[in-house]
Amino acid sequence: MTRVFISYRRDDSADITGRIFDRLRAHFDKQILFRDVDVIPFGSDFRQVIRKAVEDCQVLLAVIGPTWLNIATEDGNRQLDDPGDFVRLEIETALKRDIPVIPILVGKAAMPEVNQLPDSLQPLVFRNGLEVRSGPDFHRDVDTLIRGLTGLLDAPQTAQSEDFRLILEAFHADEIDPQIVREKLVNLYRALNQYNLAKYGHRLTLEQFRQYLLADSRVEV
C-alpha cells in the first residue's frame with residue numbers, strides 16, 4: 001500500500017532522489033514508499049501503476065532540482081506545459097485530492113514563482129516544503145523530513161475530526177438542515193476511508209461507518 005509517493009524528474013534529480021529514498025527506506029517500511037524505478041513490475045503498464053499509486057497515497061514528495069522547471073521536450077517545448085507530462089499529472093492529482101504535497105528543493109533549486117507554473121500546479125508554490133542539501137547537511141535535512149513524514153503518517157486526517165465536530169453540532173442544533181448534515185456525513189465518510197486505506201489498506205463498510213458514529217452516544221443514526 002503506497003503511502004508516500006516520490007515525484008521527480010530523472011534528468012533533474014535522480015541521484016539525490018535515490019539517496020533520499022534510501023534514507024526513507026531505512027526508516028519506514030519499504031512497502032509504503034513509491035519511486036517508479038523500484039516498484040513498477042516488468043510488463044506492467046507504468047501509466048496505470050503510477051496513476052493508482054498517486055490516487056492512493058497519503059503524502060506526495062515533489063522533488064524539485066535546478067532544471068525541473070525548464071526541462072524541454074525534443075521539440076523545444078517545456079515539459080511542464082504538456083498536459084500529459086507525468087510529473088505534472090502526479091502533482092496535479094495530489095493537489096486535487098488536497099493531500100499533503102511537500103516540495104523538496106535539491107541542488108540549490110529555488111521554489112518556482114506562481115507565474116512560472118501552469119494554472120493547475122500553481123497551488124504547489126504555497127505548500128510548505130524544505131531544502132535537502134548535499135554534503136554534511138544531507139542527513140540533517142532528511143532527518144527533518146523523516147520527522148515531518150512520521151507525524152503525517154501517524155496522525156488521523158484533520159478533516160476527519162473537523163467534520164465529526166460539525167456533524168455533532170448539527171445534530172444538536174435547534175434547526176437541522178438535512179442537506180448540510182448529509183454533506184458533512186459524506187465528507188466524513190470519505191476522510192475516514194482515506195485514512196483507513198492509508199493505515200490499514202482497506203475501506204470502511206457502511207455498517208462500520210454507522211458503528212463509528214454510534215460510538216459517540218450523542219449521535220443517533
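The values are calculated or read from the model by the stated rules, or taken from the named source; none is laboratory data. All values derive from a computational prediction rather than experimental measurement. Don't worry about glycine lacking a Cβ; one is built from the backbone with ideal geometry, like all the others, and counts go over all protein chains shown.
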| request: Taking residue 110 as meeting all but one of (1) over 21 Å from residue 83 (Cβ atoms); (2) aliphatic (A, V, I, L, M); (3) touching a Leu at 6+ places or on another chain (Cβ under 8 Å), write down the number of the exception. | output: (3)
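Looking only at helices (runs of 4 or more DSSP H) that fall completely inside the range 1-92, which ones have 3 or more residues that are at pLDDT 90 or above and surrounded by 15 or more Cβ atoms within 10 Å (Cβ to Cβ)? So that I can check it myself, show each step before the final result.
Details: elements: 10-27, 36-39, 46-56.
Ranges flagged: 10-27.
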| note | Considering residues that are assigned to a helix (DSSP H, G or I), within 18 Å of the chain's Cα centre (by Cα) and among the charged types (D, E, K, R), the number found within the range 125-148 is 1
| query | When residue 106 is evaluated against the numbered criteria (1) touching a Gly at 6+ places or on another chain (Cβ under 7 Å); (2) more than 23 Å from residue 147 (Cβ to Cβ), which criterion, by number, is the only one it fails? | reply | (2)
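Would the range 93-101 turn up any residue that is among the aliphatic types (A, V, I, L, M) and not in a helix (DSSP H, G or I)? Can you show your working first?
Within the range 93-101, the subset among the aliphatic types (A, V, I, L, M) is 94-95, 99, 101.
In the following step, the residues that additionally are not in a helix (DSSP H, G or I) were identified as 99, 101.
Checked against the condition, which is being among the aliphatic types (A, V, I, L, M) and not in a helix (DSSP H, G or I), the range 93-101 yields at least one hit.
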| field | Top-ranked residue in the range 100-122 [being touching a strand residue (DSSP E or B) at 6+ places or on another chain (Cβ under 8 Å) and free of Cβ contacts under 8 Å to residues at least 60 places away in the same chain; ranked as farthest from residue 79 (Cα to Cα)] | value | 100
| query | Counting only residues that are surrounded by fewer than 12 Cβ atoms within 10 Å (Cβ to Cβ) and under 19 Å from residue 191 (Cα atoms), which one in the range 136-155 is modelled with the highest pLDDT? | reply | 151
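Quick one: how many residues across the range 102-124 are part of a helix (DSSP H, G or I) and either of a type outside the set (Ser, Thr, Tyr) or outside the structural domain of residue 10 (by TED's automatic domain parsing) (or both)?
To start, the set of residues in the range 102-124 that are part of a helix (DSSP H, G or I) comprises 114-116, 119-124.
Right, trim to either of a type outside the set (Ser, Thr, Tyr) or outside the structural domain of residue 10 (by TED's automatic domain parsing) (or both) and you get 114-116, 119, 121-124.
So the answer is 8.
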